[in-house]
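The values are calculated or read from the model by the stated rules, or taken from the named source; none is laboratory data. Every value quoted in this text rests on a predicted model; they were computed, and no experiment measured them. As a convention, Cβ positions derive from the backbone with ideal geometry for all residues, glycine included, and neighbour counts pool all protein chains shown. Only protein heavy atoms, including side chains, enter the accessible area calculation; ligands, DNA and RNA are left aside. Shrake-Rupley method; radii C 1.70, N 1.55, O 1.52, S 1.80 Å.
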Amino acid sequence: MSELDLPEVLAIDRAGLIDGLASSVETFDQARAGAEALDIPFSPDVVKDVLICGMGGSAIAGDLVTTLYYERLRRPVQVHRGYYLPGWAGADTLHLLLSYSGETEETLTAAMQALERESPALGVTSGGKIESWYGEHGVPVLKIPGGLQPRMALLHMLVPTVVFMSRLGIIPEQTADLDAARDAIGAAIDAYGPDRPTEANTAKQLALRLADGVPLIYGSEVTAGIANRWKCQFNENAKQPSFHAILPELNHNEIVGFEQAGAFGDMARVVILKDPRQHRQIERRIALTREIIKPGVADIITLEGEGDTPLARLMDLVILGDYVSLYAACLRRVDPEPVDSIGTLKQGLATTGNQRLQAGESGSI
Ligand code: F6R
């Protein structure tokens, strides 16, 4: 028994984000059905490469998919976060625009440029200008339900990204993988949900270890995107500083920082996300990294997702991270839902920002 088993502690989550995760299997089905039914008016043959454009909780779907399928990608795929598209993006580049609100400035700018370059495009949004501009220009838009925090709409972004990439031949056929992932989501909700007491609940146990420190989330290959997701969920749900880094790269820099970490070392809680499919040298690197950084950090935890396929294990770890960050919010006595700093920043940009964006005109800024 811990305080996370007390309803009054979980009630800090006023908007019910923890309870909302319980409907993830239904969300998965809805997102999959919508993406499978969307009419794609261009042939897979016109797509030579792919840009997945988005920011924050929407863009993370692109990271998860590209790192998960990296070795099985049949065309170059890049996640684009920012304003200017790369010079190489052109009429044979598929632009997959992910924006929950449909109003994010950077993503709208990328969308304008994709229209100008006459690129094949698809949008996923709950509305906003992505829906209206793209609708006007005949670009297929998958409309997803509104009223959620973008980061809590991950399955509405992730599942269509997998389905579209599979339908366009950018990754192999994913029917069996998607079925296994659906099962993994159900199992994760059961294992990590609020009804399971702390002594039998890995998510609650992890929250208790991580809520009062700085979680440093390390991933590699198929877990690289998941590490970023965990970091962002700690930031936005638990209002907690958190950072992520990727193996093997962090072996060439970050580990040295723990030689003289000082007070930061007392705060540092390292979480290493593993996968059985990773290169065997990654396994060796994880063991050596643990040894080397151990004197300089307060805690090191190694985790591996449950499931028979990479997508199933990804879903398990993503849902685990969502629950851990939400429980951490409750332990820190902060409501996980609001993200005031993001709102303040977006408002500041809107008052000084590009007039054409505000007017909903197309064209680059
Ligand atoms: C908020 C969140 C943010 C947004 C980001 C982009 O829950 O996760 O990171 O995702 O500000 O906004 P959208 O997703 O509407 O394009």
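Summary table
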quantity	calculated
Residue within the stretch 116-139 that is within 15 Å of Val50 (Cα to Cα) and of a type in the set (S, T, N, Q) present	yes
Qualifying residue in the stretch 318-333 (condition: surrounded by 15 or more Cβ atoms within 10 Å (Cβ to Cβ) and touching a Gly at 6+ places or on another chain (Cβ under 6 Å))	no
Sole exception among (1) away from the ligand (no atom under 16 Å from the Cβ); (2) modelled with pLDDT of 95 or more; (3) open to solvent by 10 Å² or more (accessible area, probe 1.4 Å) for Val139, by number	(2)
Residue match in the stretch 16-27 (condition: exposed (fewer than 14 other Cβ atoms within 10 Å of the Cβ), at pLDDT 95 or above and within 16 Å of the ligand (Cβ to nearest atom))	yes
Complete set of residues in the stretch 28-64 that are within 16 Å of the ligand (Cβ to nearest atom) and of a type in the set (Val, Ile, Thr)	Ile52, Ile60
Filtered residue count, the stretch 288-308, keeping only those that are among the hydroxyl-bearing types (Ser, Thr, Tyr) and surrounded by 19 or more Cβ atoms within 10 Å (Cβ to Cβ)	1
Among residues of the stretch 5-21, those that are in contact (Cβ under 8 Å) with a residue 12 or more places away in the chain and over 19 Å from Leu208 (Cα atoms), counted	5
Any chance Ser119 is of a type in the set (Ser, Thr, Tyr) and modelled with pLDDT under 95	no
Evaluation of Leu108 against (1) open to solvent by less than 30 Å² (accessible area, probe 1.4 Å); (2) away from the ligand (no atom under 16 Å from the Cβ) (one fails), failing number	(2)
Filtered residues of the stretch 113-127 (kept if surrounded by fewer than 20 Cβ atoms within 10 Å (Cβ to Cβ) and either within 15 Å of the ligand (Cβ to nearest atom) or in a strand (DSSP E or B) (or both))	Gly127
Residues that are in a loop (DSSP other than H, G, I, E, B), under 20 Å from the mean Cα position of the chain (by Cα) and of a type outside the set (Gly, Ala, Ser), drawn from the stretch 171-196	Ile171, Gln174
Failed item, numbered, when Phe258 is tested on (1) touching a Gly at 6+ places or on another chain (Cβ under 6 Å); (2) without any contact (Cβ under 8 Å) to a residue 12 or more places away in the chain	(2)
The stretch 142-173 - residue that is charged (D, E, K, R) and open to solvent by 20 Å² or more (accessible area, probe 1.4 Å) and, of those, farthest from Ile342 (Cα to Cα)	Glu173
For Asp190: the one exception among (1) out of contact with any helix residue (DSSP H, G or I) (no Cβ under 9 Å at 6 or more places or on another chain); (2) within 16 Å of the ligand (Cβ to nearest atom)	(2)
Tabulated pairs, the stretch 325-350, first over 17 Å from Pro150 (Cα atoms), second assigned to a loop (DSSP other than H, G, I, E, B) and within 12 Å of the ligand (Cβ to nearest atom), C-beta under 8 angstrom, 6+ apart or interchain	Ala329/Pro336; Cys330/Pro336
Qualifying residue in the stretch 80-96 (condition: within 14 Å of the ligand (Cβ to nearest atom), under 14 Å from His156 (Cβ atoms) and surrounded by 21 or more Cβ atoms within 10 Å (Cβ to Cβ))	yes
Residue ranges of strands (runs of 3 or more DSSP E) in the stretch 36-105 with at least 2 members closer than 23 Å to Phe234 by Cα	77-80
Check on Ser132, open to solvent by 30 Å² or more (accessible area, probe 1.4 Å), in a loop (DSSP other than H, G, I, E, B) and within 15 Å of the ligand (Cβ to nearest atom)	no
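Yes or no, residue by residue, for (1) open to solvent by 50 Å² or more (accessible area, probe 1.4 Å); (2) polar (S, T, N, Q):
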{"position": "Ile189", "(1), (2)": "no, no"}
{"position": "Ala203", "(1), (2)": "no, no"}
{"position": "Ala207", "(1), (2)": "no, no"}
{"position": "Leu216", "(1), (2)": "no, no"}
{"position": "Ile226", "(1), (2)": "no, no"}
{"position": "Cys232", "(1), (2)": "no, no"}
{"position": "Asn237", "(1), (2)": "no, yes"}
{"position": "Ser242", "(1), (2)": "no, yes"}
{"position": "Ile246", "(1), (2)": "yes, no"}
